[in-house]
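The values are calculated or read from the model by the stated rules, or taken from the named source; none is laboratory data. Since we're looking at a predicted model, the values are computed, not measured. Positions of Cβ are backbone-derived with ideal geometry, glycine not excepted, and every protein chain shown enters the neighbour counts. Side chains are part of the model used for accessible areas, which takes the heavy atoms of the whole protein and leaves out ligands, DNA and RNA. Shrake-Rupley method; radii C 1.70, N 1.55, O 1.52, S 1.80 Å.
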Amino acid sequence: MAQQPSLISLQWFSILLVCMSLFSWTIFAASPDAPLTLDYYKSTCPAVFEIVRKEMECKVNSDPRNAALVLRLHFHDCFVQGCDGSVLLDDTISLQGEKKASANVNSLKGFEIIDRIKNKLESECPGIVSCADILTVAARDAVILVGGPYWDVPVGRKDSKTANYDLVRENIPTANEGLLSIIAKFLYQGLSVTDMVALAGAHTIGMARCENFRARIYGDFGATDSYLRNLKSICPAAISSSGKNNVTAMDNVTPNLFDNSFYHTLLRGEGLLSSDQEMYSNVFGIETKKLVRKYADDPLAFFNQFSDSMVKLGNITNSDSFVNGEVRKICRFVNT
């Protein structure tokens, strides 16, 4: 039988989280508040929200999975040098983008959706709306279009002229990462444990690649026989198999609906990603376990917290971009 942690070890863990939280607060409190407002484009591009909504409506209606693609792009953008559109940049002779980093290369799609919205906005109000703002607003609309909550999106971000390939590896949580490490990554961004559990609920519309859940389903995965057989048919045991990029829904009950079903999968021990299941099953996850149960029992509480946490995520800014940034003409390239 596995040894249970002592009360002392749990107390030290609590102290560690408090210290990390304070450290993170110090980092972000030192940065000046970004000039984000709800009416930033009121006089310069009043149709911006309507244009983004219409384009997202078209793409999500054609394929509901597009909602998850845009939402993931936004998350990966904000966790690497702030919400500055750096994730959208292609590699060039003079710039190494973030798209080919290991956490992104086979994971991120949907760039053409942002390109299309940008083209529409450049026709309506050229040189005004940043790609970073487009991605942030599009992520909100993506959630709404598959049944999720609404939240106001402050805008006024600038696009960075840089990207950070190495920071992707350091900052983006991975599928098999331990709970404490993931908590640390969220705290570093100025996000709380509550934010982490709520934002993980976005996986209710997410897809996962075989490469990211193979170890789990061939390990101690506690799923029903029929569900496990289906997963193994999608994801062969052989590591060298060409099926490593096969995908399946992280919420196998309502994969195209933004709801709280994801948390019920964790209660059943059927979280597809090890990192997700850790929130409920890890012995140190005292607070995360309570939150998983809360959001499973109360969908309104989940929606309210998810909305608040998405605002906080979108407000992770790159202070350098407000001084040296720009509004890109094409989201994939810095202006020349």
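A few comments on the model shown:
- Selection within the range 206-224 - in contact with a Gly (Cβ under 6 Å, 6 or more places away or on another chain) and crowded, with 16+ Cβ neighbours inside 10 Å: Cys210
- Residue check for Leu267: of a type in the set (A, V, I, L, M), without any contact (Cβ under 8 Å) to a residue 40 or more places away in the chain, open to solvent by 10 Å² or more (accessible area, probe 1.4 Å) and outside the structural domain of Gly147 (by the TED database): yes
- Filter result for the condition that a residue is modelled with pLDDT of 95 or more and closer than 29 Å to Ala184 by Cα, over Ala34, Ala47, Ala101: Ala101
- For the range 153-180, the set of residues classified as touching a Ser or Thr at 6+ places or on another chain (Cβ under 9 Å) and among the acidic types (Asp, Glu) consists of Asp159, Glu177, listed by residue number.
- Selection within the range 148-158 - open to solvent by less than 40 Å² (accessible area, probe 1.4 Å) and assigned to a loop (DSSP other than H, G, I, E, B): Gly148, Pro149, Trp151, Val153, Pro154, Gly156, Arg157
- The residues of the range 241-260 that are touching a helix residue (DSSP H, G or I) at 6+ places or on another chain (Cβ under 6 Å) and surrounded by fewer than 19 Cβ atoms within 10 Å (Cβ to Cβ), listed by number, are Gly243, Lys244, Asn246, Thr248, Val253, Thr254.
- Residue list for the range 225-240, restricted to those being part of a loop (DSSP other than H, G, I, E, B) and open to solvent by 40 Å² or more (accessible area, probe 1.4 Å): Pro236, Ala237, Ala238, Ile239, Ser240
- Within the range 191-205, the only residue that satisfies the criterion of being closer than 20 Å to Gly147 by Cβ and surrounded by fewer than 23 Cβ atoms within 10 Å (Cβ to Cβ) is Leu199.
- Being on the phi < 0 side of the Ramachandran plot and surrounded by fewer than 20 Cβ atoms within 10 Å (Cβ to Cβ) is a property that Leu272 lacks.
- Residues of the range 159-215 that are of a type in the set (Ser, Thr, Tyr), within 29 Å of Ala301 (Cα to Cα) and assigned to a helix (DSSP H, G or I): Ser181, Tyr188, Thr194, Thr204.
- Scanning the range 47-76 for residues that are under 16 Å from Asn119 (Cβ atoms), open to solvent by 30 Å² or more (accessible area, probe 1.4 Å) and among the acidic types (Asp, Glu) returns a single hit, Glu50.
Residues checked against (1) of a type in the set (Val, Ile, Thr); (2) more than 23 Å from the chain's Cα centre (by Cα); (3) under 30 Å from Thr37 (Cβ atoms):
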residue: Asp220; (1), (2), (3): no, yes, no
residue: Ala223; (1), (2), (3): no, yes, no
residue: Leu272; (1), (2), (3): no, no, no
residue: Thr288; (1), (2), (3): yes, no, no
residue: Leu300; (1), (2), (3): no, no, yes
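- Residue in the range 295-313 that is surrounded by 22 or more Cβ atoms within 10 Å (Cβ to Cβ) and in contact with a Ser or Thr (Cβ under 7 Å, 6 or more places away or on another chain) present: no
- Residues satisfying the stated conditions in the range 77-106, i.e. surrounded by 19 or more Cβ atoms within 10 Å (Cβ to Cβ), part of a loop (DSSP other than H, G, I, E, B) and not charged (D, E, K, R): Phe79, Val80, Gln81, Gly82, Cys83, Gly85, Leu89, Gly97, Ala101, Ala103, Asn104
- Residue match in the range 296-305 (condition: at pLDDT 95 or above and part of a loop (DSSP other than H, G, I, E, B)): yes
- Residues of the range 108-130 that are over 19 Å from Gly82 (Cα atoms), crowded, with 20+ Cβ neighbours inside 10 Å and not charged (D, E, K, R): Gly110, Ile113, Ile117, Leu121.
- Single residue of the range 314-324 satisfying the filter (outside any helix (DSSP H, G or I) and β-branched (Val, Ile, Thr)) that is surrounded by the most Cβ atoms within 10 Å (Cβ to Cβ): Thr317
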